[in-house]
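The values are calculated or read from the model by the stated rules, or taken from the named source; none is laboratory data. It should be emphasised that the depicted structure is a prediction, and the values quoted were computed from it without experimental measurement. Using ideal geometry, Cβ is built from the backbone for each residue, glycine included, and neighbour counts are taken over all protein chains shown. Each accessible area value is taken on the protein alone, full model and side chains, heavy atoms only, with ligands, DNA and RNA left out. Shrake-Rupley method; radii C 1.70, N 1.55, O 1.52, S 1.80 Å.
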Amino acid sequence: MCSQHPFIAFPIKLEQWLMVGSYDLVLSASSALPHPLYGHFMGELVQAVRENIAECCEVSYNRMSLEKAGRMMMFQATPDLLRYIEEFHSDWVVDAKGETIEFMQESPGLKKEDVRSDAIIQRALAYANELERI
């Protein structure tokens with residue numbers, strides 16, 4: 001019965017959408033709040049979801065159109081996206097025409113050859129021996 005109440009059903013739906021990665025539903029839910037008091041919470045949640053989408057874009061693409069990025073992060077207008085980039089992602093480069101974003105790729109992580117498997121195995125065995133003694 002309680003889950004039928006809109007004040008309870010709304011956060012339950014949000015949690016379900018977050019768990020399955022339906023970020024578009026989470027972002028669009030900010031326009032259908034059951035009560036104005038949810039506004040602050042949704043503002044924080046929308047910011048976190050947008051940041052997650054932005055991180056995925058950085059890893060997945062070298063370059064992306066502003067239009068596509070704006071749609072993915074559900075900004076109402078390009079100036080909103082540009083303010084977001086300026087405030088949170090100053091390392092992104094917007095081209096002179098204002099049409100694309102270039103993501104500055106970080107140096108790649110460790111490669112398979114960089115990981116010394118023998119040292120990892122020795123540490124794991126030492127840890128197992130310690131656990132056995134306990």
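Quick notes on this one:
- Zone of E67's modelled label, taken as backbone nitrogen in region 79-98 under 14 Å from a point 7 Å along Cα→Cβ: 98
- Amide hydrogen neighbours beyond the local backbone of V94, cut-off 5 Å, H modeled: E102
- Across the chain, counting alpha-carbon atoms alone, Rg and Dmax equal 21.8, 66 Å.
- Residue list for region 36-72, given a label point 7 angstrom along the Cα-to-Cβ vector of S90 and an amide N cut-off under 19 Å: 51, 55
- The apolar share of the surface of the chain, taken as the fraction of accessible area on carbon and sulfur atoms (1.4 Å probe, ligands and nucleic acids excluded), comes to 56 percent.
- In the chain, helices alone account for a calculated mean residue ellipticity at 222 nm of -19000 deg cm²/dmol, with every DSSP H run of four or more residues adding -39,500 (n - 2.57).
- Region 11-124 - charge dipole about Cα centre, Lys and Arg +1 at Cβ, Asp and Glu -1, debye rounded to 20: 300
- Computed with a 1.4 Å probe over protein heavy atoms only, the accessible surface of the chain comes to 75 Å² per residue.
- With each label modelled as a point 7 angstrom along the Cα→C-beta vector, the E55-Q76 pair spans 2.8 nm.
- With coordinates expressed along the principal axes, the C-alpha atoms belonging to region 38-103 extend over 38, 23, 19 Å, beginning with the largest.
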